[in-house]
Structure formats: C-alpha cells, structure tokens
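Participant: Here's a structure for you.
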Amino acid sequence: MELIEYNLADSELIQDNSFKYKYMLWVPTNTAVIIGRSNKPERSVFLENAEIDSIPVYQRPSGGEAVVISPKTLVISVVYNIATQKQSTFYFHEYNRRIINALSSLGIGELKYEGISDVTLNKRKILGCSIYRNKNKVFYHAVLNLSERPEVLMRYLKFPGKTPEYRAGRSHDDFVTSIKKEGFGIETEAIKKAISGEMLLPPH
C-alpha cells in the first residue's frame, strides 16, 4: 500500500511563510489515516484493513502517533512564523488551553489536559495534537473527535508504540470518546465558532 506524503488542507500553512500567524479549522471530507514523522506504517496501521476499505495513509511532517481523521472529526491547525520560539510544551499547553476554554464555554465539563498533548473528557481522550517546527516556524495541528466511533480507530490503528501514562494500557475503545458519545449535542459550526474566537491572536 502506497504511503502518501502529507498534502491535506492545512499543508499550505506549513509551506507558506508570507504571514506571521494564521489558523484553520476544517472538517475532512473523507476518512484517512495519518502517521507521525517517525512512525512506520506497518507498525502503526492495519494496512490490510485500510487497503480493503480504500482508506489512504498519509505521513505528516510532525511527530506523534497515528491518528484517524474523518468527516466526524474537526482538525485545528495553527501556524506561527516566528524565529524567537519557546519550547514545544508551551505551544501544546497554550493552544490546548484555548480549545478547553472554547468547549467549556459551550457547556462541556470535565475537560482536562493530560499527558504531553491530549485533552480528555470524563477521563477519555477527545483530542490529540502534534507539532512541526523549524527555526522560523511552529505548526500545531490537533484532531478533535466530534462523533467518530472508537471502533473505526480500532479497525485501522494498532496499539501505539508510545502512550501517555494516564492511558494505563487501555485499548482504543476504552480510551477514546467523542463529544457526541458523552452526551453533548452541539453543532459543529458552534464548536468551530467558539474555537475560532479563542485562536484569533498569536501566543505571547
């Protein structure tokens, strides 16, 4: 199965240096698997299932483990073209804090920052993110699970090689949840609007 170089909607943010700060919120049109920069597809993905279902597998320039994106997820992408940078943990905390603030404003409780870069809802993961950076750019992108079923992740993603301590060995179906599964019937546009309002200005 062919591994595709990352060329999805937010890839233009990585390549464009003509602005200082920009963000993009987008819902994928199709289901796809995206593996991290150092991932091996055969180690991270059930390639036979992806091939049977005609699910493309991309390799992104950022780190982290493999993820599934789909029309039931929201991707949050932020680029900051700046030469004087802080550590990656600062950007993880900054942007995840903004997302938590946005979701909290919509009445979603029990949100927490966990591990290196996850956001959890009722102790289960609803958002994971990764960062790509060079000497002039910090690019953050995250996948927020709106309503995708954990069974879809289990079909395409193997158990990751690296996991946060709070996962405690849980399988995808025990570890991952969604905003819909937790009982919040919030429209996607409302979620996008709330997050957009938090992302208007670059971090200090």
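Participant: Does S88 qualify as being surrounded by 21 or more Cβ atoms within 10 Å (Cβ to Cβ) and under 30 Å from L47 (Cβ atoms)?
Facilitator: Numbers: surrounded by 21 or more Cβ atoms within 10 Å (Cβ to Cβ): no; under 30 Å from L47 (Cβ atoms): yes.
In short, no.
Participant: Need the failing condition index for N134 against (1) over 26 Å from E189 (Cα atoms); (2) in contact with a helix residue (DSSP H, G or I) (Cβ under 9 Å, 6 or more places away or on another chain), just the number.
Facilitator: The single condition N134 does not satisfy is (2).
Participant: State yes or no: is Y156 crowded, with 21+ Cβ neighbours inside 10 Å, over 17 Å from I76 (Cβ atoms), touching a residue at least 60 places away in the same chain (Cβ under 8 Å) and touching a strand residue (DSSP E or B) at 6+ places or on another chain (Cβ under 8 Å)? Give the derivation first.
Facilitator: On the way: crowded, with 21+ Cβ neighbours inside 10 Å: yes; over 17 Å from I76 (Cβ atoms): yes; touching a residue at least 60 places away in the same chain (Cβ under 8 Å): yes; touching a strand residue (DSSP E or B) at 6+ places or on another chain (Cβ under 8 Å): yes.
Yes; evaluated as a whole, the condition is true for this residue.
Participant: Can you pull out the residues in region 170-204 that are surrounded by fewer than 17 Cβ atoms within 10 Å (Cβ to Cβ), out of contact with any strand residue (DSSP E or B) (no Cβ under 9 Å at 6 or more places or on another chain) and either in contact (Cβ under 8 Å) with a residue 24 or more places away in the chain or aromatic (F, W, Y) (or both)?
Facilitator: If the condition is that a residue be surrounded by fewer than 17 Cβ atoms within 10 Å (Cβ to Cβ), out of contact with any strand residue (DSSP E or B) (no Cβ under 9 Å at 6 or more places or on another chain) and either in contact (Cβ under 8 Å) with a residue 24 or more places away in the chain or aromatic (F, W, Y) (or both), then I186, A190, G197 are the ones that fit.
Participant: Continuing with this model, one more query. Within region 1-20, track down each residue that is under 25 Å from P203 (Cα atoms), charged (D, E, K, R) and either under 15 Å from the mean Cα position of the chain (by Cα) or modelled with pLDDT under 95 (or both).
Facilitator: Those that are under 25 Å from P203 (Cα atoms), charged (D, E, K, R) and either under 15 Å from the mean Cα position of the chain (by Cα) or modelled with pLDDT under 95 (or both): D10, E12, D16.
The values are calculated or read from the model by the stated rules, or taken from the named source; none is laboratory data. This structure is a prediction, so every number in the text was calculated from the model and none was measured. Quick reminder, even Gly has a Cβ in these numbers, built from the backbone with ideal geometry, and neighbours come from all protein chains shown.
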